[in-house]
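**Student:** Take this structure, written in structure tokens, and hold onto it; I'll ask about it next.
The values are calculated or read from the model by the stated rules, or taken from the named source; none is laboratory data. Everything numeric in this text was worked out from a predicted model, so none of it was measured. Quick reminder, even Gly has a Cβ in these numbers, built from the backbone with ideal geometry, and neighbours come from all protein chains shown.
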Amino acid sequence: MALRLWASSTANALRISVASTAHLSPSYSLSRCFSTVVDGLKYASSHEWVKHEGPVATIGITDHAQDHLGEVVFVDLPEPEGSVSQGKSFGAVESVKATSDINSPISGEIVEVNTKLSETPGLINKSPYEEGWMIKVKPSNPSELQSLLGPKEYTKFCEEEDSH
């Protein structure tokens, strides 16, 4: 539904047909700048996402963030078995445009780090929600997830941020 509404308003603005958007999966919605926002994830206003499944939460940066950064050339990630705190930096992403801190959307113990990113940092650009994940955390305070944005709220946040 959100995709249809977005597609209709965007199609109007761009003067194109909405019929060409019918093939898009209903589990994805799109923001104004064509970045993907995935249902079932939570989002921080600093543009990180978290997927909480069972005892582990996977964290990465959003498609919106990687799009604004441009080509990612280096990722600095923490060591496994360390810890992260909600809203605090745990690493950095360097692109051809800038270097940005990565903030943790939740607190917890790091149980796994995506070591593929040290050799292939471009996975963040190619697949920010799947292959480009950064760390897996055992949450120490799962209630922190409630303070994060849902897909609709994050999409609206990005639209407002981009309009400034």
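**Student:** Which residues, taken from segment 121-164, are assigned to a helix (DSSP H, G or I) and touching a Ser or Thr at 6+ places or on another chain (Cβ under 7 Å)? Steps first, answer last, please.
**Tutor:** The initial filter retains those residues of segment 121-164 that are assigned to a helix (DSSP H, G or I), namely 123-126, 142-147, 151-162.
Result: Glu144, Pro151, Thr155, Phe157, Cys158, Glu159.
Every residue, every condition in (1) of a type in the set (Val, Ile, Thr); (2) touching a strand residue (DSSP E or B) at 6+ places or on another chain (Cβ under 7 Å), yes or no:
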residue: Glu81; (1), (2): no, yes
residue: Ser85; (1), (2): no, yes
residue: Ala92; (1), (2): no, yes
residue: Thr99; (1), (2): yes, yes
residue: Asn125; (1), (2): no, yes
residue: Pro128; (1), (2): no, yes
residue: Glu159; (1), (2): no, no
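Residue by residue, here is whether (1) surrounded by 15 or more Cβ atoms within 10 Å (Cβ to Cβ); (2) more than 19 Å from Ser45 (Cβ to Cβ); (3) of a type in the set (Ser, Thr, Tyr); (4) at pLDDT below 95 holds:
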position	(1), (2), (3), (4)
Phe74	no, yes, no, no
Ser85	yes, no, yes, no
Lys88	no, no, no, no
Ser107	yes, no, yes, no
Pro121	yes, yes, no, no
Pro128	yes, no, no, no
Glu131	yes, yes, no, no
Glu144	yes, no, no, no
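**Student:** Here is a follow-up. Test each condition in (1) assigned to a loop (DSSP other than H, G, I, E, B); (2) closer than 14 Å to Val111 by Cα; (3) not acidic (Asp, Glu) for Thr58 and report the one that comes out false.
**Tutor:** (1)
**Student:** If I ask for residues that are assigned to a strand (DSSP E or B) and within 26 Å of Pro142 (Cα to Cα), which ones from segment 84-99 would you list? Steps first, please.
**Tutor:** We begin by selecting, within segment 84-99, every residue assigned to a strand (DSSP E or B); these are 84, 86, 89-95, 99.
Passing the criteria: Val84, Gln86, Ser89, Phe90, Gly91, Ala92, Val93.
**Student:** Could you tell me whether segment 101-117 includes any residue that is touching a residue at least 24 places away in the same chain (Cβ under 8 Å), more than 14 Å from the chain's Cα centre (by Cα) and within 21 Å of Ser35 (Cβ to Cβ)?
**Tutor:** Yes.
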